[in-house]
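What follows is a single structure, written as structure tokens, with notes after it.
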Amino acid sequence: MLSRTAASLYWLGRYVERADFVARLVEATLRLDVLSTRPAGEDAWRSALAVTETEPAFTAAGGELTREEVARFLLADAGHRGSILRCVGMARDNARAVRTALSREAWQAINGAWLLFDQRVARLDPGTTLALVDSVKAETRGFEGAVHRMLRNQTTLFIRLGQAVERTDNTARLLDVKYHLLLPAGESVGGTVDRDQWTTILQTVSAVTAYRWLYSDGLAPANVIDLLLSRGELPRSVAAATEETVTALTGLARSSGTQGEADRMARTRQARIARTRTGDVIAAGLHQHLQAVIAENAHLHVAIGRQFKFA
Amino acid sequence: MRLSIEHRTSYRFTAPQARIVQLLRMTPRNSHDQTVAEWHIAVDCDARLREHRDGFGNRTTMLYAEGPLDGIEIAVSGEVVTSTSRGVLHGTFEPLPPALYLRATPTTVADAAIEDFARAAVGDAAPIGALHALNRALHERFAVAVERPDPSLAAADAFARATATPRDLAQLFVAAARALAVPARYVTGYCDLQDGRSATPHGWAEAWVDDLGWVGFDPTLGESPEEHHVRVAVALDATGSSPVAGSRLGEGRECLEVEVQVSAQE
Amino acid sequence: MGIAAFDEIMGAADRDGARPELADLCRWLDETPSDELRRRQRSAEVTFRQLGITFAVYGESEASERIIPFDIVPRVFLADEWARLSEGLVQRVEAINAFLVDIYGERRILKEGVLPADLILGNPQFRPEIAGIRPPHDVWAHICGIDLVRTGPDQFYVLEDNARTPSGVSYMLENREAMVRLCPELFAKFRVAAVDSYPDMLLETMKSVAPRGSGQHPNCVLLTPGHYNSAYYEHSFLADSMGIELVEAADLVVDDDLVYMRTIAGRVKVDVIYRRVDDDFLDPLVFRPESLLGVPGLIAAYAAGNVAIINAPGNGIADDKAIYSYMPEIVRFYSGGEAKLPIVETWRCREPAALRYVLDHLDELVVKLVDGSGGYGMLVGPTASTAEIERFRAALVAEPHRYIAQPTLALSTVPTLVEQGVAPRHVDFRPFVLSGARGVQVVPGGLTRVALREGSLVVNSSQGGGTKDSFVLMPGAPAMSQTMGTQASVGMTQTLGGMSQTLGGA
């Protein structure tokens, strides 16, 4: 496989995953803001910006911290690199560059997501926002399905690798920001629970039902943290994303005959996650732990580029 | 006459380069008027060299080098035995018909000023006399500049200046001759009449005269080249016959240094 | 002006009723309601958009990628018409190839005075840089698209040769795909030659011209300028259908006069390159020193005989406008016989007798600059004002060598679905001809372009042109009994493509 093709597939995976994540984040925030009995208002939207690390960019663009403006910024702002519009555009650019490697179905899902933004998104009331978010999710789900129906070859492995690396980052960020936001000064973990906020986290990673299946004792922050960090059953957990990373790299090693730095880093992390107990992490400082995960993931990203000669 | 030539071309890069590919036009050919006694191209890094011949009949060398490279130096040395022929070439390999050399290139377009100058210079002299007259007129009009030539300077812009490098003079000759419907081409090579060392190889021109064939004209000297000139490459213009066409894969800027030394052996 | 045009289905303008061989098609048109035709046409266009068969419109945002309008009414060539046409195409492409071998080699055609030497040597499309290089197997024009127009049942004229990187073949394939899906009943009525083997034929052609020593399985790639290029869909579609890598210049490296592509497992040698980039952007060391694009060293690898480039660099001299009027002489020179496919009659004003004729008939002729393009410096005699004609008269007298003149042709029409229903519109045609080490073959189909505006002769997609499927009928009787095909609904019920099935009976 051409190195450029591999790089495009990997980035395609990353951008699709990012678009999907932002869509879920907006959806969950909107629910929290509009549908819950106590409207969460500014705080909810500020935290959505914080998760995507875009608060400075939003402020610089002169936006007001309102539902409409933040939603538009995260969804459809052409000038904002992290908006779904841009992510989908970048995903489509990468998909176009590797058009021959994708199945028609996979391409059509990406193109379909892009066409959603074809007509300029003018005003975003909650209804249209939710509809748009739903459509984006439907297309990314369609893409994921199409990828699963494609040949299990290097093409799909690079896409999955990109998705897994992106997912690790997104989940770690989500947990880090929300956890901080939710923990009022002086409170210890396990204290007052803002039910709605914790539900928002679970919604963002599609884990409301999964949580109920796995934990019988009601909504407890430590359980949510455990679920998102170390439960392999949840596809969007750091543990599951890491496992997926290792699987994709192993598959690539098998088909290309080469192993390297990226394989070693991913396996080391997988082994560490298996050893780590969530209680210890919380006790030692969740924030530090998550920051380490994010930094390590960034190193892994660089190692992948080196190993497969992306440059 | 036996001419000894040293020609060193050195590139330094501000950032290491992953790869370098260069096309070198640095090897003279034998003809009735020049015999290459010895010739060598040396490169200061691991490189693969492949010999070719281009469409104009020049001998070329492809150079491939893998990085990381901070620079590359190409050192050419050799000895050529020349004989006098009053500028008329004999026994050169000519794969293309003379009429091809009537076409202008972006740097050799003759504007009205050049065309008027050419017509005034030649008057109604016979073809060979006309070309000698053009050569002398160019020589007299410009003071010779010694700085390194600007590789993008077009003939029309060079004509507006007071001084001209040998390259610009030769391109002006080529442009003017073509404006008179005479096939003409640019020659890159060496000449020992320049002061000992110079910062660039020499350039002059050749024009096609029906009963004689290709005849050399060196407007820097105002004369036809004699045994003091060693021809290396011809093309439609200076860029086409330049010693190095290169490409590199990497960031940063490059700094080029060239040193040429031509000396006559007793 | 009303030119009485030959309609390819309905026949000559002064006759009643369709051409007998195509009566079935005519009936199909009569019996299928316009609304139904329109619905199918829209369905095809929706598919094209979903597939991304678009071309970029320069200067607009990326969201304004356009599709080329597709017309649901096919154009049909009868088997014997096609056989004659093919012979002419093969002869012409063989001559183009022989011309390129000669002009970059011995130049016999100049030495024997068949062509004026300055026409070639002074032409920027003649590339001295690659003179003397012999491509593997001496094939230069591997893929030719020959643009034709028609004025009567057997009157075909070559309008233009495309011997560089002719495009449009993906429309030939996708239009057929759409027709089979949306109008299957037509394929029951007519035995239409298949075009879907084109990618196989192309790959076979590529492999056949691989340099000797590439082994049993030469590595072929398709070189694209990148996914921002307006024809990128076609590049990716072709690479995909042939199962070869789609590469950009940055994916290729030349080392030691061999071409490699950069892969995740290291370098892999490349033997055959189907390039869809212009000569100027092939190798910056040779063609455009200021360009950062291209593959440095590619021409050296090519000159060393280590890689085949399809089409060969330098081909532009064979399809240049200035050469066009000499094509009959070129064909005669290399084939020894008269050209089976004529060119549009052309007066070269550089010749005094021709100039006299042109000056006497300016009000009937189209006068063109040989080095002009896109309608600049063109006089259309029949519609020009007296002042314009006089201006051209003066220009012609001053610089006759820069002009050619041609008669205005009554281009054939084909029924086309327009707003008011089905109406005749002018068409042209681009068949594709492949030349490999084992000979020349014509693909039984091609790209029909149609001028959608009434009376317009401009078929360019940038100016309101569309495309049609082009049926080439196979020799022998129609496939099915005629009665079966006459009822549109019978054909429709057999359709498997989702929407046609449910809506077809309505």
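The values are calculated or read from the model by the stated rules, or taken from the named source; none is laboratory data. Since the model is a prediction, treat every value here as computed from it, not as a measurement. Every residue, glycine as well, gets a Cβ built from its backbone with ideal geometry; the counts of neighbours run over all protein chains shown.
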Hits in the stretch C:157-171 - residues which are outside any loop (DSSP other than H, G, I, E, B) and buried (at least 23 other Cβ atoms within 10 Å of the Cβ): C:Asp161, C:Val169, C:Tyr171
Starting from the stretch B:210-234, keep only residues that are farther than 21 Å from B:Thr35 by Cα, then list their pairs with residues that are basic (Lys, Arg) whose Cβ atoms are within a distance under 8 Å, requiring at least 6 positions of separation or different chains. B:Gly222/B:Arg136
Take the residues of the stretch B:64-117 that are closer than 30 Å to B:Glu251 by Cβ and surrounded by fewer than 20 Cβ atoms within 10 Å (Cβ to Cβ): which is nearest to the other protein chains (Cβ to nearest Cβ)? B:Glu66
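Sort out which residues of the stretch C:319-364 are in a loop (DSSP other than H, G, I, E, B) and of a type in the set (Phe, Trp, Tyr), and write them in order of number.
Answer for the stretch C:319-364, where residues must be in a loop (DSSP other than H, G, I, E, B) and of a type in the set (Phe, Trp, Tyr): just C:Tyr326.
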Please enumerate the residues belonging to the stretch B:18-56 that are in contact with a Phe, Trp or Tyr (Cβ under 9 Å, 6 or more places away or on another chain), of a type outside the set (D, E, K, R) and either within 12 Å of chain C (Cβ to nearest Cβ) or more than 25 Å from B:Glu94 (Cα to Cα) (or both). B:Ile20, B:Val21, B:Gln22, B:Ala47, B:Leu49, B:Gly55
Being more than 20 Å from the chain's Cα centre (by Cα), among the β-branched types (Val, Ile, Thr) and within 13 Å of chain A (Cβ to nearest Cβ) narrows it down to one residue among C:Val253, C:Val209, C:Val272; which is it? C:Val253
Kindly indicate which of C:Ser236, C:Ser230, C:Ser241 is farther than 16 Å from A:Ser3 by Cα and facing another protein chain (nearest Cβ under 7 Å). C:Ser236
Yes/no for A:Ala298 being of a type in the set (A, V, I, L, M, F, W, C), part of a helix (DSSP H, G or I) and surrounded by 18 or more Cβ atoms within 10 Å (Cβ to Cβ): no
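Kindly evaluate C:Asp320 against the criterion of being crowded, with 18+ Cβ neighbours inside 10 Å, in contact (Cβ under 8 Å) with a residue 40 or more places away in the chain and in contact with a Pro (Cβ under 6 Å, 6 or more places away or on another chain).
Here the answer is no, as C:Asp320 does not meet what is asked.
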Among the listed residues C:Ser236, C:Ser291, identify the single one that is surrounded by 20 or more Cβ atoms within 10 Å (Cβ to Cβ), modelled with pLDDT under 90, outside the structural domain of C:Leu173 (by TED's automatic domain parsing) and out of contact with any His (no Cβ under 6 Å at 6 or more places or on another chain). C:Ser236
Tell me which of these C:Arg49 doesn't satisfy, since it passes every other one: (1) among the basic types (Lys, Arg); (2) out of contact with any helix residue (DSSP H, G or I) (no Cβ under 6 Å at 6 or more places or on another chain); (3) closer than 24 Å to C:Phe77 by Cα. (3)
I need the full set of residues from the stretch C:276-324 which are on the phi > 0 side of the Ramachandran plot and more than 9 Å from every other protein chain (Cβ to nearest Cβ), in order please. C:Gly305, C:Gly314
Give just the number: which of (1) closer than 14 Å to B:Arg178 by Cβ; (2) modelled with pLDDT of 95 or more; (3) in contact with a helix residue (DSSP H, G or I) (Cβ under 6 Å, 6 or more places away or on another chain) does B:Tyr101 not satisfy? (3)
Return a yes/no flag: does the stretch C:88-103 have any residue that is within 14 Å of chain B (Cβ to nearest Cβ) and at pLDDT 95 or above. yes
Looking at A:Gln270, A:Gln291, A:Gln259, which is the one that is in the same structural domain as A:Gln163 (by TED's automatic domain parsing) and outside any helix (DSSP H, G or I)? A:Gln259
Which residue is farthest from B:Leu221 (Cα to Cα), if the candidates are limited to the stretch B:114-145 and must be outside any helix (DSSP H, G or I) and either over 19 Å from the mean Cα position of the chain (by Cα) or not β-branched (Val, Ile, Thr) (or both)? B:Asp124
Just to be sure I understand, how many residues within the stretch C:126-153 are part of a strand (DSSP E or B) and out of contact with any Pro (no Cβ under 8 Å at 6 or more places or on another chain)? 5
Could you grab me the full set of residues in the stretch B:146-179 that are assigned to a loop (DSSP other than H, G, I, E, B) and either among the hydroxyl-bearing types (Ser, Thr, Tyr) or at pLDDT 95 or above (or both)? B:Ser152, B:Thr165
